[in-house]
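See structure below.
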Amino acid sequence: MKYCNQCSAENTFSYIDGNNRFHCTICNTIHYQNPKPTATLIIMNQNKLLLGKRDRNPAKGQWGLIGGFMELNENLEQAALRELYEETQLRGAVKSIIGTTSHFNTIFGDVLLIGLIIEIYDWSTLKAGDDISEASFFDIDKLPDLAFESHQELINIFKKNYTRRN
Ligand SMILES: [Zn+2]
């Protein structure tokens, strides 16, 4: 973002067309930046939620929802099921999209978390892998502190709209 990809002049970061953005004052090109979408997974077994202990920074050693960034040439469902398999060795299906939350100024930039409910076909293959060191079930009403507030917000959406309260 330092240099204009149209004319190679140095960009400035300042107000243009309604927002602060990188843009080129020579050729007037605006260099838009957008949040990165993630597939963030709500995986329930009875009333227990599956969480992963993060094996990498940010927030290494803390618990969070399974999931990760979408990659190029994959749709949201493919990203969800790929992350599911990489982190847990489980296979399943996307049941629904529950909503989104946002997380600003992470080391990866701004992130759009898209929450999906996943149904698991067979729990017997569960094994932590890839970005997590451990996968465990937690009572959804007694969760540990999570790595990211945006994960807790997705869980709150899920609890409010998708679980029956007594
Ligand atoms: Zn330019």
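Here are the numbers for the structure shown:
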quantity: Residue 163 paired with residue 82, simple spin-label distance in nm, labels 7 Å along Cα-to-beta-carbon; calculated: 3.0 nm
quantity: Additional length obtainable on full extension of the chain from residue 152 to residue 89, 0.36 nm per residue less Cα span; calculated: 20.3 nm
quantity: Inter-label distance, nm, simple model (7 Å from Cα along the C-beta direction), residue 17/residue 124; calculated: 5.6 nm
quantity: Over 27 Å between alpha carbons, listed pairs 60/95; 36/60; 36/142; 53/142; 48/95; calculated: 60/95; 36/142
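Every number in this text was worked out from the coordinates using simple rules, so none of it is lab data. Note that the coordinates shown come from a computational prediction; the quantities given were computed from them, not determined experimentally. Cβ coordinates were reconstructed from backbone atoms using ideal geometry, including for glycine residues, and neighbour counts include every protein chain displayed.
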